[in-house]
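Note sheet for the following structure.
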Amino acid sequence: MIFQLTDELLFPPPYLAREDGLLAVGGDLSVERLLLAYSMGIFPWYSAEDPLLWWSPDPRMVLFPNQFHCSRRLSRTIRQGVFQVSFDEDFAGVIAGCAAPRAAEEGTWIVAEMQEAYIRLHEEGWAHSVECRLDGELVGGLYGVSLGGCFFGESMFSRQTNASKVAMAALVDLLLGWDFDLIDCQMQTPHLASLGAREISGQDFSSLLAESTERSPRKGRW
């Protein structure tokens with residue numbers, strides 16, 4: 001059963017997603033609803049021609065920071081300092097880069113409404129970005145939401161080889177230092193799997209998430 005959300009904040013129980021992970025339709029992208037959704041393992045994902053769709057896939061793709069796979073090529077790129085890496089210096093630029101059209105893809109799910117919503121989350125200290133620059137130009141990065149000891153990865157982009165992977169490596173290094181529990185990657189892709197992400201059951205993810213979001217948040221600029 002797919003729930004039709006109204007302007008009320010709550011997601012109606014039980015939280016049973018369809019086999020493809022679709023859970024609910026409608027609602028809004030307010031800061032309050034987004035934070036509630038992420039705390040329950042739910043995220044928005046839709047195209048410009050669709051209504052607002054909410055998802056909770058099972059199984060769930062996650063990356064445990066201590067299981068990040070850094071290839072020899074990536075390690076060499078990091079050691080050489082090819083890219084200049086920063087955090088939260090250009091969130092709007094990163095989300096715009098993630099939303100830009102890509103080869104063999106039509107359109108984007110990061111519509112203007114989504115960009116505005118996550119910029120609001122960033123301004124309130126919940127959403128964060130990692131930027132990779134080459135000679136001062138933004139050429140890659142990623143963004144996501146942080147709650148407790150969990151980072152919910154949303155999207156990444158790369159205009160230069162390995163730029164997004166360097167951003168991920170920098171994020172993992174930061175989260176290891178803060179003893180974060182996991183990075184939510186949402187859905188399986190070969191790219192994420194190559195970095196050490198793997199699928200776990202929705203039940204295991206919910207249990208991990210419940211414990212992780214009890215931790216004090218790393219709110220504010222990173």
**OP:** With a point put 7 Å past each Cα toward its Cβ, work out how far residue 76 is from residue 188 in nm, to one decimal.
**Re:** 3.1 nm
**OP:** Would you compute, for the Cα atoms of the stretch 102-222, the largest minus smallest coordinate along each principal axis and list the three values in descending order, in whole Å?
**Re:** 39, 31, 30
Subject >> Sites residue 120 and residue 222 - FRET efficiency at Förster radius 25 Å, r taken between beta-carbons, to 0.05 >> reply: 0.90
**OP:** Evaluate 2.2 N^0.38 Å with N set to the residue count of the chain, then give the Cα radius of gyration divided by it.
**Re:** 0.98
Original post:
Hey, what did the stretch 61-212 get for relative contact order, percent, Cα under 8 Å, at least 6 apart?
Top reply: 32 percent
Original post:
Under 19 Å from the 7 Å Cα→Cβ point of residue 198, by amide nitrogen: which residues of the stretch 52-68?
Top reply: 58-68
**OP:** Would you order 54, 178, 45 from fewest to most other beta-carbon atoms within 10 Å of each residue's own beta-carbon?
**Re:** 178, 45, 54
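Rule-based calculations on the coordinates, nothing more; no lab input. Just so it is clear, the model here is predicted, and its values are computed rather than measured. Because the Cβ atoms are built from the backbone with ideal geometry, glycine has one as well, and the counts that use them run over all protein chains shown.
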